[in-house]
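Q: Quick one: the structure is below, questions incoming.
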Amino acid sequence: MDKIKLAAVSAFGLEAVVKRELRDLGYENAATENGWIYFDAEIKDIPKSNINLRCADRVMLVMGQFEAYSFEELFDKTYDLPWEKWITRDGRFTVKGKSVKSKLHSTPDCQSIVKKAVSKKLCEEYDVDWMPETGAEFTILVSIHKDVATISIDTTGAREGLFKRGYKTKSTEAPLKETMAAALVKLSFWNKNRVLYDPMCGSGTIAIEAALIGMNIAPGLNRTFASQGWPLVKEEYWKSAKIEARRKIDLNSHIKIYASDISKKAIHIAKENAIEAGVDDCIEFFAKDVLKINEPMCPNGILITNPPYGERMGDIGEIKKIHRKLGHTFGKDKTWSVYIITSVGSLERDFGRKADRKRKLFNGDVRVDYYQFFGEKPKKTTDNFNF
Ligand SMILES: C[S@@+](CC[C@H](N)C(=O)[O-])C[C@H]1O[C@@H](n2cnc3c(N)ncnc32)[C@H](O)[C@@H]1O
């Protein structure tokens, strides 16, 4: 079986979560380098990792890694890679690039050199004058860091990163990416024996991702990937990865997830998304102003939320009021753990407690912190209790 090197690409701050996911999938040797998590694999692992990874943005096939101080060196070493093994005679290939702290700093020039080298190699291999580029998609990335070039092909799909699960038919304002929401749940160490609550659920991303995690439903079961069009990644590999993922689904889990929002429209959208994801049975949605919640619905819950932040989403006075209320209602209850993602620096002051842990993350381009306020460990499973 062909040995290959794959790399999971994640948002800044989520590398450890993705590494843990890879370990859980059986990739013991995953190693992080400059934000990418590399792992040794076989071709059948392209479907397996794409279908199962919840928190990574995409999976790259690493074609080669080498030092490049000049364009000639970049051209020659790129040309030497086995492109014909992967890219078909009619393959459509585009080249993206980035360069950090390197002599070859002009990204457009690096992209064009790599494109030329790949074209030359393929034209020679296929004995043609030009490549028609009418077939499957191959998005090549040339990424240069401190003069070391990593050349890879995107197995996921350039336009549709792994965050696209296929269930979000509609969104509310400032939705979290599904990959980020899944990571927030994973970082909270929530398990299906605990109640999970998002009181500002918007389009429902956190609640839906938690339900998928709770029922062990692989996030990529209902979408397609660029490498599905690659001959080497055989149809049978996709089929068996899907069969294996489906076998692991646990529909009998007794999961209790609550999700509310002040906006009735948001609740309507969140419900539709949950139906689309097939997890509406285990999430109770309701419209509620968080400022009017005076006590938690039960003991021992886990609150994970993404309150409004930034000018677009509301007045800072209102936002601070929400933070104070969360601290008063849930922060003071020793049995609840509270997890809040926000860019507002005064969160701890308003919440009324210093976070037990704070993790620096990026939500898109926005620098945010994930504040973690731990509660006591529960002694037994919680009971249900409605508002
Ligand atoms: C940043 S968005 C949450 C996005 C959500 N995580 C998602 O993925 O779609 C913040 C949400 O807080 C809600 N919100 C604002 N003020 C609220 C309040 N007082 N009570 C409850 N929800 C509120 C907004 O309606 C909005 O949906």
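The values are calculated or read from the model by the stated rules, or taken from the named source; none is laboratory data. Remember, it's a predicted structure, so these values are computed and weren't measured experimentally. Quick reminder, even Gly has a Cβ in these numbers, built from the backbone with ideal geometry, and neighbours come from all protein chains shown. Quick note on the areas: whole protein, heavy atoms, side chains included, nothing else; ligands and nucleic acids left out. Shrake-Rupley method; radii C 1.70, N 1.55, O 1.52, S 1.80 Å.
Q: Can you list the trypsin sites (Lys or Arg not before Pro) in segment 198-244 that are in a DSSP coil and have 15 or fewer other beta carbons within 10 angstrom? Present the calculation step by step, with values, prior to reporting the outcome.
A: On the way: sites: Arg223, Lys234, Lys239, Lys242; in loops: Arg223, Lys234.
Loop-located and lightly packed - Lys234.
Q: Right, here's the next one. For the chain, what is the mean residue ellipticity at 222 nm derived from helices alone (per DSSP H run of n ≥ 4: -39500 (n - 2.57); sum divided by total residues; nearest 500 deg cm²/dmol)? Please report the intermediate quantities before stating the final value.
A: Numbers: 11 runs with 114 residues, N = 387.
So the helix-based figure for the chain works out to -9000 deg cm²/dmol.
Q: Sticking with this structure for a sec: Over the chain, average the accessible area per residue using a 1.4 Å probe and give it in Å², no decimals.
A: On the way: 17980 Å² over 387 residues.
Accessible surface, normalised per residue, equals 46 Å².
Q: Quick one: among Trp83, Trp36, Trp238, which has the greatest mean-square fluctuation in a GNM of the chain with alpha-carbon springs under 10 angstrom?
A: Trp83
Q: Please list, in order along segment 157-173, the HN-Hα scalar couplings obtained from phi with the Karplus expression 6.51 cos²θ - 1.76 cosθ + 1.60 (θ = phi - 60°), rounded to whole Hz, x for Gly and Pro.
A: Result, ordered by residue: x, 5, 8, 10, x, 5, 5, 7, 8, x, 9, 8, 7, 9, 10, 9, 5 Hz.
Q: Angle between the Cα long axis of helix 178-187 and the longest principal axis of the chain, 0 to 90 degrees, nearest 10?
A: The helix 178-187 is inclined about 60 degrees to the chain.
Q: Once the Cα atoms of helix 205-214 and of the chain are each reduced to a long axis, what angle between those two axes, in degrees from 0 to 90 to the nearest 10, is obtained?
A: Once rounded, one gets 80 degrees.
Q: Let me ask something additional. For Gly97, enumerate residues with amide H under 5 Å from its amide H, sequence gap 5+ or separate chain, H modeled in the peptide plane.
A: Here the answer is Val142, since their amide H atoms fall under 5 Å of that of Gly97.
Q: Now for a separate question. Name the residues whose placed amide hydrogens come within less than 5 Å of the amide hydrogen of Gly64, ignoring near sequence neighbours (fewer than 5 apart) on the same chain.
A: Result for Gly64 returns Ile151.
Q: Can you pull the Rg over Rh of segment 77-206, Cα-only, Kirkwood?
A: On the way: Rg = 20.5 Å, Rh = 17.9 Å.
Rg divided by Rh gives 1.14.
Q: Roughly what % of Cα-Cα distances in the chain sit above 30 Å, to the whole percent?
A: Working: 33614 of 74691 pairs.
Value for the chain: 45 percent of Cα pairs lie more than 30 Å apart.
Q: Now, a different point. Between Asp365 and Lys3, what FRET efficiency comes out of the Förster formula 1/(1 + (r/R0)^6) with R0 = 35 Å and r the beta carbon distance, rounded to 0.05? Can you show the working numbers first?
A: On the way: r = 37 Å, r/R0 = 1.05.
That gives a FRET efficiency of 0.45.
Q: Could you tell me the extents of segment 3-154's C-alpha atoms along the three principal axes, largest first, rounded to whole Å?
A: Sorted from largest, the Cα extents of segment 3-154 read 46, 34, 22 Å.
Q: A follow-up question, please. Not counting ligands, DNA or RNA, and with a 1.4 Å probe, what is Arg367's accessible surface area in Å² rounded to the nearest 10?
A: Only protein atoms counted, so the area is about 100 Å².
Q: Please determine, in degrees from 0 to 90 and to the nearest 10, the orientation of helix 316-326 with respect to the longest principal axis defined by the Cα atoms of the chain, where the helix direction is its Cα long axis.
A: 70 degrees
Q: Tell me the label-point distance for the pair Met297, Lys332, using the 7 Å Cα-to-Cβ offset, in nm and rounded to one decimal.
A: Placing both labels 7 Å beyond Cα along the Cβ direction yields 2.2 nm.
Q: So what's the Cα pair-distance distribution over segment 252-387, bin width 10 Å, in %?
A: All Cα pairs considered, the percentages come to 11, 38, 39, 12, 0.
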